[in-house]
1. Taking the options Ile16, Ile57, name whichever one is surrounded by 14 or more Cβ atoms within 10 Å (Cβ to Cβ), in contact with a helix residue (DSSP H, G or I) (Cβ under 6 Å, 6 or more places away or on another chain) and modelled with pLDDT under 95.
2. Having 3 or more residues that are in contact with a Ser or Thr (Cβ under 6 Å, 6 or more places away or on another chain) is the bar; report the strands (runs of 3 or more DSSP E) wholly within the chain that clear it.
3. Can you confirm whether Thr8 is surrounded by fewer than 18 Cβ atoms within 10 Å (Cβ to Cβ), in contact (Cβ under 8 Å) with a residue 24 or more places away in the chain and closer than 22 Å to Pro67 by Cβ?
4. Quick one: how many residues across the range 25-40 are β-branched (Val, Ile, Thr) and more than 12 Å from Ser11 (Cβ to Cβ)?
5. Is it the case that the range 22-32 has a residue that's open to solvent by 30 Å² or more (accessible area, probe 1.4 Å), at pLDDT 95 or above and aromatic (Phe, Trp, Tyr)?
6. Would you point out the residue of the range 11-35, among those that are without any contact (Cβ under 8 Å) to a residue 60 or more places away in the chain and among the aromatic types (Phe, Trp, Tyr), that is farthest from Arg59 (Cα to Cα)?
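The values are calculated or read from the model by the stated rules, or taken from the named source; none is laboratory data. Values in this document were obtained by computation on a predicted structure and should not be read as measured data. Cβ sites come from the backbone with ideal geometry, for glycine too, and all protein chains shown count toward neighbours. Ligands, DNA and RNA are stripped out before the accessible areas are found, and what is left, the full protein with its side chains, is counted by its heavy atoms. Shrake-Rupley method; radii C 1.70, N 1.55, O 1.52, S 1.80 Å.
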Amino acid sequence: MEHGTELTMGSLFDGIGGFPLAAVRNGITPVWASEIEPFPIQVTKLRFPRMIHVGDITRLNGALLPPVDIICGGSPCQD
């Protein structure tokens with residue numbers, strides 16, 4: 001990696017943005033997130049206003065997503 005190059009991240013099953021929070025605390029820029037629940041999306045829109053929300057993971061076309069260095073994700077939450 002070149003000196004001064006910033007790492008970027010995409011988050012699957014994003015929830016309320018735990019992965020983006022960890023990313024920014026470590027100098028990584030969260031670029032996009034996939035989440036379907038309205039309340040968590042509103043939380044991350046407030047806390048990460050520059051992050052793109054790409055919606056339902058089952059409808060994503062990876063070729064159309066902005067490229068990132070890191071893709072992370074947690075298993076979907078269950079009641």
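1. Ile16
2. 29-34
3. Yes; evaluated as a whole, the condition is true for this residue.
4. Here is the first cut: in the range 25-40, the ones β-branched (Val, Ile, Thr) are 28-29, 31, 36.
The next check asks that each one be more than 12 Å from Ser11 (Cβ to Cβ); those that pass are 36.
Residues in the range 25-40 being β-branched (Val, Ile, Thr) and more than 12 Å from Ser11 (Cβ to Cβ): 1 in total.
5. No, because not a single residue in the range 22-32 is open to solvent by 30 Å² or more (accessible area, probe 1.4 Å), at pLDDT 95 or above and aromatic (Phe, Trp, Tyr).
6. Quick first cut of the range 11-35, residues without any contact (Cβ under 8 Å) to a residue 60 or more places away in the chain only: 14, 16-35.
Narrowing further to those that are among the aromatic types (Phe, Trp, Tyr): 19, 32.
Values: Phe19: 21, Trp32: 15 Å.
Ranking the candidates gives Phe19 first.
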